[in-house]
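Here the structure comes first, spelled out in structure tokens, and everything after it is commentary.
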Amino acid sequence: MELIHDVLNILAPPVVFIFLILFYPPYLVYQFLSYMKKSLTKEDVRGKVVLITGASSGIGEHIAYEYAKRGARLVLAARREDRLLAVADKALKLGSLDVKVIRADVAKVEDCKQLIEEALNHFGHLDHLVNNAGIERHGLFEDINQITDFVPIMDINFWGSAYCTHFAVPHLKKTKGKIVVIASSASWSPTPGLNIYNASKAAQVSFFETLRTEFGGSIGVTIVLPGVIESEMANSVMLAQSGLGVLPVESTGRCAKAIVNSACRGDMFLTEPSWVGVGFLQKVLCPELFEWTYHQHFVKRMRKLMKEKLV
């Protein structure tokens, strides 16, 4: 057995390299033609039922407006019912055929079960599930005093999307529906200060990639990796404290439009804005330089801000 591993250690890299040289260019052509075809034949969601978690603000709110403009029927879920009602009213004015508002905390499995049940009782079926609900808390790991304060990040960002998906899957299979996952470029970006948040998004991406493999096409899964998007989480204070303020912030409306277009095309992944994906390439090609740069920019900046607060 050890000999087999020794041989594979030698042969695997050149074999894969040769494979990439021979087959990757044709694959890119295929990807381009496939993208063009999907763009021309993208799904018409008029009259379809779309459930959006975390729909009271930010990306979730604007995703609701984008689906509304296309005539979809909406189920809007979040913890702040008053905000949901305002979003629902605007969605109806923008063209949604019907809107159902449900107060729910996705960190609670019983709320997620009831959410899906109420949506089905109202509309009778489900076509799209948008797992958008998420929270963020900022702080260097060694400076955390109460680690359990960060537990809700995983509960909402990861388990919330897993719970909702668990109860929605049987119904999405009946309609050959789609799951849209609002993850984050933080899933691959080791941004200091966002440690638990980064981990929750990495778990989310891995989970839904695995589900897509398990489904085998019976349910479409589009995983979205947004960069820095205008929202309650990415406010001016958070951006300044984390050091992310040096990056251009994309408007929530522009991001939401790209997400709904991508879901209707049936894309596997969407990085929005697309230039953010260059960072992932840098991480793969030169990880040492990538992490050193992050440490120099983010950690030193955060330490400086903390000292200024103490003075």
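The values are calculated or read from the model by the stated rules, or taken from the named source; none is laboratory data. This one's a predicted model, so the numbers in the text were calculated from it and none came from an experiment. Heads up, the Cβs are rebuilt from the backbone with ideal geometry, glycines too, and the neighbour counts pull from every protein chain shown. Side chains included, ligands, DNA and RNA excluded: accessible areas come from the protein's heavy atoms. Shrake-Rupley method; radii C 1.70, N 1.55, O 1.52, S 1.80 Å.
Scan region 45-67 residue by residue and report those that are without any contact (Cβ under 8 Å) to a residue 60 or more places away in the chain and surrounded by fewer than 24 Cβ atoms within 10 Å (Cβ to Cβ). Step through it out loud before you land on a result.
Taking region 45-67 as the starting set, the residues that turn out to be without any contact (Cβ under 8 Å) to a residue 60 or more places away in the chain are 46-47, 56, 64.
Correct list: ARG46, GLY47.
Working only within region 43-70, note down all residues that are touching a Phe, Trp or Tyr at 6+ places or on another chain (Cβ under 7 Å) and outside any loop (DSSP other than H, G, I, E, B). Before you say what the answer is, go through the steps one by one.
Filtering region 43-70 down to residues touching a Phe, Trp or Tyr at 6+ places or on another chain (Cβ under 7 Å) leaves 45, 49-50.
Within region 43-70, VAL49, VAL50 meet the criteria.
Given the condition open to solvent by 30 Å² or more (accessible area, probe 1.4 Å), assigned to a helix (DSSP H, G or I) and within 18 Å of ARG46 (Cβ to Cβ), answer yes or no: does some residue in region 93-116 qualify?
yes
Tally the residues that are touching a Phe, Trp or Tyr at 6+ places or on another chain (Cβ under 8 Å) and not in a helix (DSSP H, G or I), restricting the search to region 71-92.
Count: 3.
Given the condition under 19 Å from ALA162 (Cα atoms) and open to solvent by 50 Å² or more (accessible area, probe 1.4 Å), answer yes or no: does some residue in region 73-89 qualify? Can you show your working first?
Let us first name the residues in region 73-89 that are under 19 Å from ALA162 (Cα atoms), namely 75-79.
Narrowing the set further to residues that are open to solvent by 50 Å² or more (accessible area, probe 1.4 Å) leaves 79.
Looking through region 73-89, at least one residue is under 19 Å from ALA162 (Cα atoms) and open to solvent by 50 Å² or more (accessible area, probe 1.4 Å).
Going through region 180-235 one residue at a time, which ones are among the β-branched types (Val, Ile, Thr), more than 21 Å from HIS138 (Cβ to Cβ) and assigned to a helix (DSSP H, G or I)? I'd like the intermediate steps shown before the answer.
Step one: filter region 180-235 for residues among the β-branched types (Val, Ile, Thr), giving 180-182, 191, 196, 205, 210, 213, 219, 221-224, 228-229.
This time we only want the ones that are more than 21 Å from HIS138 (Cβ to Cβ), so: 180-181, 210, 213, 219, 221-224.
THR210, THR213 - these are the residues of region 180-235 that are among the β-branched types (Val, Ile, Thr), more than 21 Å from HIS138 (Cβ to Cβ) and assigned to a helix (DSSP H, G or I).
How many residues, within region 243-292, are among the polar types (S, T, N, Q) and in contact (Cβ under 8 Å) with a residue 40 or more places away in the chain?
Within region 243-292, the first condition is being among the polar types (S, T, N, Q), and the residues that meet it are 251-252, 261-262, 271, 274, 282.
Now narrow it down to the ones that are in contact (Cβ under 8 Å) with a residue 40 or more places away in the chain: 252, 261-262, 271.
Matching residues across region 243-292 total 4.
Could you please give the count of residues in region 116-149 that are over 19 Å from SER56 (Cα atoms), modelled with pLDDT of 95 or more and not small (Gly, Ala, Ser)?
The qualifying residues number 8.
Go through region 163-181 residue by residue and tally those that are open to solvent by 10 Å² or more (accessible area, probe 1.4 Å) and in contact (Cβ under 8 Å) with a residue 24 or more places away in the chain.
Restricting attention to region 163-181, the residues satisfying the condition of being open to solvent by 10 Å² or more (accessible area, probe 1.4 Å) are 163, 166-167, 169-171, 173-176, 178.
If we keep only those that are in contact (Cβ under 8 Å) with a residue 24 or more places away in the chain as well, we get 163, 166-167, 169, 171, 173-176, 178.
Of the residues in region 163-181, 10 are open to solvent by 10 Å² or more (accessible area, probe 1.4 Å) and in contact (Cβ under 8 Å) with a residue 24 or more places away in the chain.
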